[in-house]
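A.B. asks: What follows is a structure written as structure tokens; I'll ask about it next.
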Ligand SMILES: *[C@@H]1O[C@H](CO)[C@@H](O)[C@H](O)[C@H]1NC(C)=O
Ligand SMILES: *[C@@H]1O[C@H](CO)[C@@H](O)[C@H](O)[C@H]1NC(C)=O
Ligand SMILES: *[C@@H]1O[C@H](CO)[C@@H](O)[C@H](O)[C@H]1NC(C)=O
Ligand SMILES: *[C@@H]1O[C@H](CO)[C@@H](O)[C@H](O)[C@H]1NC(C)=O
């Protein structure tokens, strides 16, 4: 209860930190990133369809434009590690691997832009990337200018191979270097992730420097991974939630929906929690072949609207009630989004009366209740002492919105 009280206080006084002033990521960005699905597959001879190459990103861009992804809001096509050549060019600039990106990044950016999409690229604050490719340490200005010259729209800046005491300075220097190019480049940091191991990061400094930041371990294509990210976020919510808002967001890492590791209920739970956490919605999956149910979930307009709500407040866990967990996010127009999770991984659907949900307190007279997951269902006007209950599948979620009716 103490934690909830502190959060409500923070919500009343508003956001604590100032955001990076580059006019970008005023809502959490949406897009696609190659890592979880395609990792560091550089063997284009053996696996031409799945290796990290310009062909992969062009194909994803084609599908994003053709199959409703861009129109749903997913507009960043992002490259992760393993794109560069092992050597910088004669003038010290990063260059793409010539075998896998024969046209170079500038041409790829032009192609992606021609589809109405944006291109993201990856580098590292240290001497080498996590996979051992050249990092940006000692080259921040050159690399920022190179990315700007290529027309890149986002930089994911990893934190491997960096002296830990220099992490804040390195991330700040790159932020300044990006600003000095005069180009609009979303700055995606991993600064807090690499600092938590030895001390609490300075979220005021981080949100002044970055448009989004990773706090915790890489997501894997598994339920245990998705669960552990939600749990970490809830346990640290009084530290991380107040730092989020228009221009800067906590990044719980990629959506793994549409891959192999999650049941459909678990995919719904990831989508609902990422919407409530005001997380960047960055998928990592194979858009060229995806189960229609996963596609419909990722493109669900009502869930996306919660994620993109203009108030820009991150949600938080408000209750643990037996095997249930309740997460809530205040939205604009006095609407509250509520996710009720059933953490049990055995048995069948379990019922929770809605009056047990902490946010129900806002319905002191009448409330309009709308269920969004697992199925859209207008539950109608409910009185304060309603007997309405939600039935939640094991490891699944029920996502609702409630809006007080005043009259
Ligand atoms: C650079 O920073 C200044 C001051 O914070 C800001 O007004 C400007 O829009 C920034 N430019 C870019 C390209 O981010
Ligand atoms: C950051 O920039 C300052 C000022 O130019 C410089 O002294 C410092 O060495 C830089 N730090 C890193 C990690 O690049
Ligand atoms: C955190 O960063 C802010 C902004 O850069 C700075 O003013 C503040 O002193 C820092 N706090 C600590 C504890 O270092
Ligand atoms: C309740 O909300 C639903 C959509 O979420 C809307 O269609 C309906 O008109 C609302 N009813 C009232 C009485 O506001």
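No value in this document is a laboratory result; all are computed from the given coordinates. As the structure is a computational prediction, the values presented were derived from the model and not from experiment. Positions of Cβ are generated from backbone atoms using ideal geometry, with glycine treated the same way; all protein chains shown enter the neighbour counts.
A.B. asks: Could you work out how far apart the two model spin labels at residue 18 and residue 232 are, taking each label as a point 7 Å from the Cα in the direction of the beta carbon, and quote it in nm?
C.D. replies: The answer from the label model is 3.0 nm.
A.B. asks: P(r) tail for segment 316-405, what percent of Cα pairs lie past 21 Å? Mind dumping the intermediate values first?
C.D. replies: Numbers: 908 of 4005 pairs.
When every Cα pair of segment 316-405 is considered, 23 percent fall beyond 21 Å.
A.B. asks: Divide by every residue of the chain the summed helix terms, -39500 (n - 2.57) for each DSSP H run of at least 4, and state the resulting mean residue ellipticity at 222 nm, rounded to the nearest 500 deg cm²/dmol. Please report the intermediate quantities before stating the final value.
C.D. replies: Numbers: 14 runs with 127 residues, N = 407.
Computed ellipticity for the chain at 222 nm equals -9000 deg cm²/dmol.
A.B. asks: Relative contact order for the chain using alpha-carbon pairs under 8 Å, separation at least 6, rounded to a whole percent?
C.D. replies: 15 percent
A.B. asks: So what's the angle, to the nearest 10 degrees on a 0 to 90 scale, between helix 104-114 and the longest Cα principal axis of the chain?
C.D. replies: Relative to the chain, helix 104-114 is tipped by roughly 40 degrees.
A.B. asks: Continuing with the same structure: Can you give the extra length, in nm with one decimal, that the chain gains between residue 224 and residue 320 once fully stretched, where that is 0.36 nm per residue apart less the Cα-Cα distance? The partial results should precede the final answer.
C.D. replies: On the way: separation 96, 0.36 × 96 = 34.56 nm, distance 1.86 nm.
Full-extension gain reported as 32.7 nm.
A.B. asks: While we're here: Measure out, as a whole number of angstrom, how far apart the alpha-carbon centroids of segment 292-324 and segment 88-109 sit.
C.D. replies: Segment 292-324 and segment 88-109 have Cα centres separated by 38 Å.
A.B. asks: Continuing with the same structure: If I build a Gaussian network model for the chain, linking alpha-carbon pairs within less than 10 angstrom, which residue out of 192, 48, 201 has the largest mean-square fluctuation?
C.D. replies: Of the options given, 48 has the highest mean-square fluctuation.
A.B. asks: Moving on to the next point. Would you please state the base-10 log of I(q)/I(0) at q = 0.06, 0.09, 0.13 1/Å for the chain, with intensities from the Debye formula using one equal scatterer on every alpha carbon?
C.D. replies: Ignoring solvent entirely, the Cα scatterers give -0.24, -0.54, -1.08.
A.B. asks: For the chain, take the longest principal axis of its alpha carbons; what is the angle in degrees between that and the long axis of helix 54-66, to the nearest 10 within 0 to 90?
C.D. replies: Helix 54-66 sits roughly 40 degrees off the main axis of the chain.
A.B. asks: Something else: If you line up the long axis of helix 264-276 against the longest principal axis of the chain, both from Cα atoms, how many degrees apart are they, to the nearest 10?
C.D. replies: So the helix axis and the longest Cα principal axis differ by about 80 degrees.
A.B. asks: Give me 345, 231 sorted ascending by neighbouring Cβ count inside 10 Å, so fewest comes first.
C.D. replies: Numbers: 345 11, 231 14.
Ordered from fewest to most neighbouring Cβ atoms within 10 Å, 345, 231 come out as 345, 231.
A.B. asks: Another question, then. Please report 209, 204, 387 as a ranked list, fewest other C-beta atoms within 10 angstrom at the top and most at the bottom. Walk me through the numbers on the way to the answer.
C.D. replies: Working: 209 22, 204 13, 387 9.
The order, fewest Cβ neighbours first, is 387, 204, 209.
A.B. asks: Take every Cα pair under 8 Å in segment 255-316 that's 6+ residues apart, average their separations, divide by the length, and report that relative contact order as a whole percent. Working shown, then result.
C.D. replies: Numbers: 59 pairs, mean separation 28.3, N = 62.
The value is 46 percent.
A.B. asks: Now a separate question. Using a simple spin-label model with points 7 Å from Cα along the Cα→Cβ vector, what separation in nm is obtained for residue 355 and residue 181?
C.D. replies: The answer from the label model is 5.8 nm.
A.B. asks: Can you give the % of DSSP beta bridges in the chain that are antiparallel, to the nearest 5? Intermediate values should be presented prior to the final figure.
C.D. replies: On the way: 38 of 62 bridges.
Percentage antiparallel, nearest 5: 60.
A.B. asks: For the chain, set up a Gaussian network in which alpha carbons nearer than 10 Å are linked by springs, and say which option among 148, 296, 244 fluctuates the most.
C.D. replies: It is 296.
A.B. asks: Decide, for segment 163-221, between rounded, prolate and oblate: order the square roots of the alpha carbon gyration tensor eigenvalues as a ≥ b ≥ c, take rounded if a/c falls under 1.5, and otherwise choose prolate if a/b is larger than b/c, else oblate. Working shown, then result.
C.D. replies: Values: a/c = 2.21, a/b = 1.43, b/c = 1.54.
Verdict is oblate for segment 163-221.
A.B. asks: Take the alpha carbon atoms of segment 207-228, find their center, do the same for segment 266-281, and report the distance between the two centers in whole angstrom.
C.D. replies: Segment 207-228 and segment 266-281 have Cα centres separated by 12 Å.
A.B. asks: Does anything in segment 66-96 have its amide N under 16 Å from the 7 Å Cα→Cβ label point of residue 113, and if so which residues?
C.D. replies: Once the point is set 7 Å along Cα→Cβ of residue 113, 76-77 turn out to lie under 16 Å by backbone N, inside segment 66-96.
A.B. asks: Specify the inter-centroid distance of segment 16-68 and segment 353-407, based on alpha-carbon positions, in whole Å.
C.D. replies: 36 Å
A.B. asks: Could you put 340, 219 in order, starting from the residue whose Cβ has the fewest other Cβ atoms within 10 Å? Spell out each step's value before the answer.
C.D. replies: Numbers: 340 26, 219 22.
Placing the least packed residue first, the sequence is 219, 340.
A.B. asks: Using a 7 Å offset from the Cα along the Cα-to-Cβ direction at both residue 197 and residue 388, what is the distance between the two label points in nm, to one decimal?
C.D. replies: Result: 4.7 nm between the two label points.
A.B. asks: Under 10 Å, Cα contacts only: if you run a Gaussian network model on the chain, which one of 273, 137, 154 comes out with the highest mean-square fluctuation?
C.D. replies: 137
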